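The values are calculated or read from the model by the stated rules, or taken from the named source; none is laboratory data. If you're wondering where the values come from, they're calculated on a predicted model, not measured in any experiment. Because the Cβ atoms are built from the backbone with ideal geometry, glycine has one as well, and the counts that use them run over all protein chains shown.
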Amino acid sequence: MLAIYKRELQSYFFTASAYVFMGVFLALGSVFYAVGNLAAQSSDLLGFLWNMGYLWMLLTPILTMHTYAGERKSRTDQLLFTSPVSLTGIVAGKFLAGATVLLGAVALTGVYVLVTAVYGRVYPGEALCGYLGFVLQGCAFLAIDQLISARCRAPVTAAVWSLGVNLALWLLDVLSSAVSLSFVSRVLGAVSLYMRAAPFQEGQLSLANALYFLAVIGLMQFLTVRTLDARRWSE
Amino acid sequence: MITFSGITKRYGGTAAVSDLSFTVDRGETLGLLGQNGAGKTTALSIMTGYLAPSAGRVTIGGHDLMAEPRQAKRLLGYLPEVPPLYDEMTVRAALRFACELKLVVAADIPGHVAEIAEKTGLRDMLGRRVGNLSKGYRQRVGLAQALCGDPEVLVLDEPTSGLDPRQTAEFRQTLRQLAQGRTVVFSSHILSEVQALCSRVIILHHGRVVCDQNLKALQSAEGLRLRAEIRGDKKRLLPALRELPGVRSVTALPDTAPGVCSVLLDCLQPPEKALFDLLCGLHMPLIRLQEAQSSLEEIFLRLTAEG
């Protein structure tokens, strides 16, 4: 698993993926921070992180489009799947590499926290809760999009499908507040990756929602392993 | 070393390979022959665990590939038809990664990479990016990756396809050296390559084994064919040759020089003494006598003929 993790992480930086992801993430993050905090003279980091949460659905496909679909297209998957490394090890290694890039991008937003601390006031506990929810939400999108990548034959197809599914997940959020049926609204709200992140962005350390995100990540990883294994039987 | 027991692979209602059963002994070099679409790549993909069979069982070194994939795959080195290369990596990084995948101890990796690079002629290429290499060198990197972990079994899928004649000759030479002490299975539709490298051949046709024999035995089973050049009159010579004991048929070939008859003798047993006695009696000197073995190409074409 360590070999897969190291190669995947190197690959993000040898190709343009990590730079594009981090560049767009920080550029848009700067806009959100400039408008929401600097111009408004606000120390509200949680509001900033809530807005940043919408970036995941647009940007995680950049990290995941090559993860499996690219390997399949270039036939390098043959090297991995004929090696003595288990499918679980391959999937975990690739996920952790993607999560490392994602965490690296999040860590760079620490600059905004520093600026806020210098010119305003930062409540560490509240900020940590906000960041925990923000990272868990990003990792959940990463795991979902990696599953989609495992199901596609070409990176572009994987990126388009990932974007579509991410947007559909965002629509669930919109629908949950729009539908009048309370049961349907509650169900949609319960599965929404945005609603589940909301308590963190209110400064609450929500164990139930943290477990929900971890469960989504675990389920997606499991389904990715099953998808890759099923391909051996169907191809 | 390798056993294939009743391997079948179906795609929907179509079987890519059907009921393949054979074993490959330790140290043997097996050539898998077949036309395009005969099932060679599917068979090799199943042999390396890349594909799962619809039915049947594969073992490598006694380990079931489905039940003990880790142990079985440690014994394998695989070079697919398209070498699995990461273009953005250097050759050294690619080989290091392949060593790590094959669970080579970290401290041994630099030495192991240097040794493999030496064997495959990549010593001067270690710092180059894989994406910038020529087709021949890319093939060598693919082979070097397959050798990482010093596997007992090498599986090569059409390893020389797309190489120019010089690269092909060099690659075959490297393969011949690497095959020493290893079990090698490779597929090809280049018959001369199989003849040059293999001790045994399996011919696949429509996903089924139509021939599984030792190459020498296969050729000798086809009978002994001799090409003779004799100075003399063809009208007297041919009927006399047909009367020779052990000669099944005599075919006149175009004359190689004025007054020199060239004939092809299809024999059940070596007729040298009888032939010599006959020619002495006829006062016709024998200029040349050489074995004209039934070529693999003929055997292959006959076994894979449609209808």
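A compact table of results
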read-out	value
Residues of the stretch A:53-105 satisfying the condition of being touching a residue at least 12 places away in the same chain (Cβ under 8 Å), among the charged types (D, E, K, R) and touching a helix residue (DSSP H, G or I) at 6+ places or on another chain (Cβ under 7 Å)	A:Lys73, A:Lys94
Among (1) part of a helix (DSSP H, G or I); (2) within 23 Å of A:Ala3 (Cβ to Cβ); (3) touching a residue at least 12 places away in the same chain (Cβ under 8 Å); (4) more than 12 Å from chain A (Cβ to nearest Cβ), the one test that B:Arg96 misses	(4)
In the stretch B:111-139, residue surrounded by the fewest Cβ atoms within 10 Å (Cβ to Cβ) [restricted to those that are within 14 Å of chain A (Cβ to nearest Cβ) and polar (S, T, N, Q)]	B:Asn132
Hits in the stretch A:7-30 (condition: within 14 Å of chain B (Cβ to nearest Cβ) and either closer than 18 Å to A:Met52 by Cα or touching a helix residue (DSSP H, G or I) at 6+ places or on another chain (Cβ under 8 Å) (or both))	A:Arg7, A:Glu8, A:Leu9, A:Gln10, A:Ser11, A:Tyr12, A:Phe13, A:Ser17, A:Ala18, A:Tyr19
Residues of the stretch A:120-157 satisfying the condition of being part of a loop (DSSP other than H, G, I, E, B) and either modelled with pLDDT of 95 or more or aromatic (Phe, Trp, Tyr) (or both)	A:Tyr123
The stretch B:99-110, residues that are surrounded by fewer than 22 Cβ atoms within 10 Å (Cβ to Cβ) and outside any helix (DSSP H, G or I)	B:Leu103, B:Val104, B:Val105
Single condition B:Arg10 does not satisfy, out of (1) at pLDDT 90 or above; (2) within 21 Å of B:Ile202 (Cβ to Cβ); (3) within 12 Å of another protein chain (Cβ to nearest Cβ)	(1)
Matching residues, the stretch A:81-90, being more than 7 Å from every other protein chain (Cβ to nearest Cβ) and either of a type in the set (Lys, Arg) or surrounded by 21 or more Cβ atoms within 10 Å (Cβ to Cβ) (or both)	A:Ile90
Residue in the stretch A:1-40 that is surrounded by the fewest Cβ atoms within 10 Å (Cβ to Cβ), counting only those that are within 24 Å of A:Leu87 (Cβ to Cβ) and polar (S, T, N, Q)	A:Thr15
Subset tally (residues that are free of Cβ contacts under 8 Å to residues at least 60 places away in the same chain, small (Gly, Ala, Ser) and surrounded by 18 or more Cβ atoms within 10 Å (Cβ to Cβ)) for the stretch B:140-186	1
Subset of the stretch B:74-93 that is assigned to a helix (DSSP H, G or I) and not aliphatic (A, V, I, L, M) - its residue that is modelled with the highest pLDDT	B:Arg92
Close pairs (8 angstrom Cβ cut-off, 6 or more residues apart or separate chains): in contact (Cβ under 8 Å) with a residue 24 or more places away in the chain and closer than 22 Å to A:Leu79 by Cβ in the stretch B:43-68, part of a loop (DSSP other than H, G, I, E, B) and acidic (Asp, Glu) anywhere	B:Leu51/A:Glu235; B:Gly61/B:Glu152
Number of the condition not met by B:Asp277 [criteria: (1) modelled with pLDDT of 85 or more; (2) in contact with a strand residue (DSSP E or B) (Cβ under 9 Å, 6 or more places away or on another chain); (3) charged (D, E, K, R)]	(2)
Among the candidates B:Gly77, B:Gly149, residue that is within 13 Å of another protein chain (Cβ to nearest Cβ) and under 19 Å from the mean Cα position of the chain (by Cα)	B:Gly77
Residue match in the stretch B:35-42 (condition: more than 23 Å from B:His189 (Cα to Cα), surrounded by fewer than 21 Cβ atoms within 10 Å (Cβ to Cβ) and touching a residue at least 24 places away in the same chain (Cβ under 8 Å))	no
Residues located in the stretch B:251-272, provided they are in a strand (DSSP E or B) and acidic (Asp, Glu)	B:Asp255, B:Asp266
Residue list for the stretch B:37-70, restricted to those being more than 13 Å from chain A (Cβ to nearest Cβ), touching a Phe, Trp or Tyr at 6+ places or on another chain (Cβ under 9 Å) and either part of a helix (DSSP H, G or I) or under 14 Å from B:Tyr11 (Cβ atoms) (or both)	B:Ala43
Candidate set: the stretch B:111-124, residues that are modelled with pLDDT under 90 and in a helix (DSSP H, G or I); chosen: the one nearest to B:Gln177 (Cα to Cα)	B:Lys119
Selected residue [in contact with a strand residue (DSSP E or B) (Cβ under 9 Å, 6 or more places away or on another chain) and closer than 15 Å to B:Cys148 by Cα] from B:Leu85, B:Leu122, B:Leu76	B:Leu76
Subset of the stretch A:216-226 [more than 14 Å from chain B (Cβ to nearest Cβ) and of a type outside the set (Gly, Ala, Ser)]	A:Val216, A:Ile217, A:Leu219, A:Met220, A:Gln221, A:Phe222, A:Leu223, A:Thr224
Search result, residues across the stretch B:80-93 that are surrounded by fewer than 21 Cβ atoms within 10 Å (Cβ to Cβ) and either within 8 Å of chain A (Cβ to nearest Cβ) or within 13 Å of B:Val141 (Cβ to Cβ) (or both)	B:Val82, B:Asp87, B:Glu88, B:Met89, B:Thr90, B:Arg92, B:Ala93
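Matching residues to (1) at pLDDT below 85; (2) outside any helix (DSSP H, G or I); (3) of a type in the set (A, V, I, L, M):
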position: B:Leu175; (1), (2), (3): yes, no, yes
position: B:Phe186; (1), (2), (3): no, yes, no
position: B:Cys211; (1), (2), (3): yes, yes, no
position: B:Leu241; (1), (2), (3): no, no, yes
position: B:Pro245; (1), (2), (3): yes, yes, no
position: B:Ser249; (1), (2), (3): yes, yes, no
